[in-house]
Amino acid sequence: MSSKMHLVAYLKAGPSASYPSTWRHPAATLDDLFEGERWESLARTMEAARFDACFFADGLGIPDLYKDSYDDYLGRGGQLSLMDPMALLPLMARVTKHLGLGATLSTSFMPAYMIARYLGTLDLLSKGRAAWNVVTTARDFEAQNCGHDGLPPKDQRYDMADEVMEACDALWNGWDEDALVLDKAGGVFADPAKVRYAHYKGKYVSVRGPLSIPRSPQVRPAIMQAGSSPRGREFAARWGEMLFATPATKADALAFRTDIHARMAAIGRDPAECKVLPSMTVVVGETESIAREKAAYLESLVDPELVIASSSWSVVADLSKIENPDALDKPGSNQGVAGHRDRMMQVAKDKGITFAEAVRRPRALVAGTPKMIADLMEDWFTSGACDGFILPPTVFPATFEEFGRMVVPELQRRGLFRREYAGRTLRENLRNPG
């Protein structure tokens, strides 16, 4: 366990990020949704609070899983991706010097060369602050938007992902650090002997190279991942450096982190190279009563139909037709998002409610004073349940402004969080939090 915790912001390029209906809050800004300054200002806020990174969750289309229609998800303002985050992240890189910048890209559709080119450029522009949230994609509508009839089986998608990672690695490592010469007088721009072909060929992926993007300060982006199934955990143990988890309890988080560390040790990786970060949605108030009032108001805005539409997206099934979680395990009924399903089942067990009731509940809010929230975060962190947290916003951008202004100083006062960045690159800050 590192000496200080890590904080990563969860973002969506749309009306709300994680908690449903928050775009309806009076303090939520919407008129600047398509303005670059919105995202630049947010990046400055997170860097001022010393966050390790932010990342955009993303998808390739508008979900129509619920009632075979996108009417509820679009009409009620779900977690939509209304812009390509790859266009937003360079804007955020331009106004920051330390904040990590993460994009979600699927290994199931994008050629390895294109992934390596996009992320290599972002990593170069940001001087080594790019992160890649690696997803294999679990929804057929995204496959259909990319010219496929449907998705391969889960294990095959992960096998493909391993090969994409290997191919990208070969491309990113194809340039030596000093390959660029830039000698005007001598007329030598680069040393061709220090640039190599990849010549990678696997069962599913092949790439020739060399990559056209020079080596970045951290060589390759920091790797994020969120797999919860046994095959997903195997992939995470091999490649992951920041793992996005959604445990329902501290015990679940501890079990997950212990399992990941055991898998890493079994393949010779140092567990310290991978940070396990559960998601926590916080509401901060100057007093406990203020925090609870703010949380109650947020809950009053929630559209029940949007909750179940969002849950349908999470478990990749139409929950208007499913009352029993066993139905999610039937052949052809679920393409594999184990973490979301398991969390909902755990919520049902802990609350003594049915699965059908659990999927109709928005994710629990952690409401309290800065001290109360810091107490909870410290408990999870020092008990070994996590290495830090993923923080989704409720009200945008107020969540990050309030957290940075009120909770971060409390964590710093306790010696749990950095006061200054210690490294040049995102990977250096992950491994040396200061």
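The values are calculated or read from the model by the stated rules, or taken from the named source; none is laboratory data. Since we're looking at a predicted model, the values are computed, not measured. Note: ideal-geometry Cβ built from the backbone for every residue, glycine included; neighbour counts use all protein chains shown. We work out accessible area using only protein heavy atoms, side chains counted, and drop any ligands, DNA or RNA first. Shrake-Rupley method; radii C 1.70, N 1.55, O 1.52, S 1.80 Å.
So the values come out like this:
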{"quantity": "Matching residues, the stretch 78-95, being modelled with pLDDT of 95 or more and crowded, with 19+ Cβ neighbours inside 10 Å", "calculated": "85, 88, 89, 92, 93"}
{"quantity": "Unmet requirement for residue 132, which otherwise passes all of (1) surrounded by fewer than 24 Cβ atoms within 10 Å (Cβ to Cβ); (2) under 18 Å from the mean Cα position of the chain (by Cα)", "calculated": "(1)"}
{"quantity": "Residue in the stretch 183-196 that is modelled with pLDDT of 95 or more, in contact with a His (Cβ under 7 Å, 6 or more places away or on another chain) and open to solvent by 20 Å² or more (accessible area, probe 1.4 Å) present", "calculated": "no"}
{"quantity": "Sole exception among (1) among the hydrophobic types (A, V, I, L, M, F, W, C); (2) closer than 25 Å to residue 275 by Cα; (3) open to solvent by 40 Å² or more (accessible area, probe 1.4 Å); (4) touching a strand residue (DSSP E or B) at 6+ places or on another chain (Cβ under 8 Å) for residue 242, by number", "calculated": "(3)"}
{"quantity": "Test for residue 424: is it of a type in the set (D, E, K, R), open to solvent by 10 Å² or more (accessible area, probe 1.4 Å), in contact (Cβ under 8 Å) with a residue 40 or more places away in the chain and farther than 30 Å from residue 21 by Cα", "calculated": "yes"}
{"quantity": "Every residue from the stretch 360-374 that is free of Cβ contacts under 8 Å to residues at least 60 places away in the same chain and touching an Asp or Glu at 6+ places or on another chain (Cβ under 9 Å)", "calculated": "371, 374"}
{"quantity": "Helices (runs of 4 or more DSSP H) wholly inside the stretch 214-333 containing at least 2 residues that are among the aromatic types (Phe, Trp, Tyr)", "calculated": "230-239"}
{"quantity": "Residues (among the hydrophobic types (A, V, I, L, M, F, W, C), within 16 Å of residue 171 (Cβ to Cβ) and not in a strand (DSSP E or B)) located in the stretch 188-212", "calculated": "198, 205, 211"}
{"quantity": "The stretch 209-227, residues that are of a type in the set (Ser, Thr, Tyr) and surrounded by fewer than 23 Cβ atoms within 10 Å (Cβ to Cβ)", "calculated": "212"}
{"quantity": "Inter-residue pairs, beta-carbon under 8 Å, first closer than 13 Å to residue 229 by Cα and free of Cβ contacts under 8 Å to residues at least 60 places away in the same chain and in the stretch 251-264, second open to solvent by less than 50 Å² (accessible area, probe 1.4 Å) and of a type in the set (Val, Ile, Thr), 6+ apart", "calculated": "256/276; 260/276"}
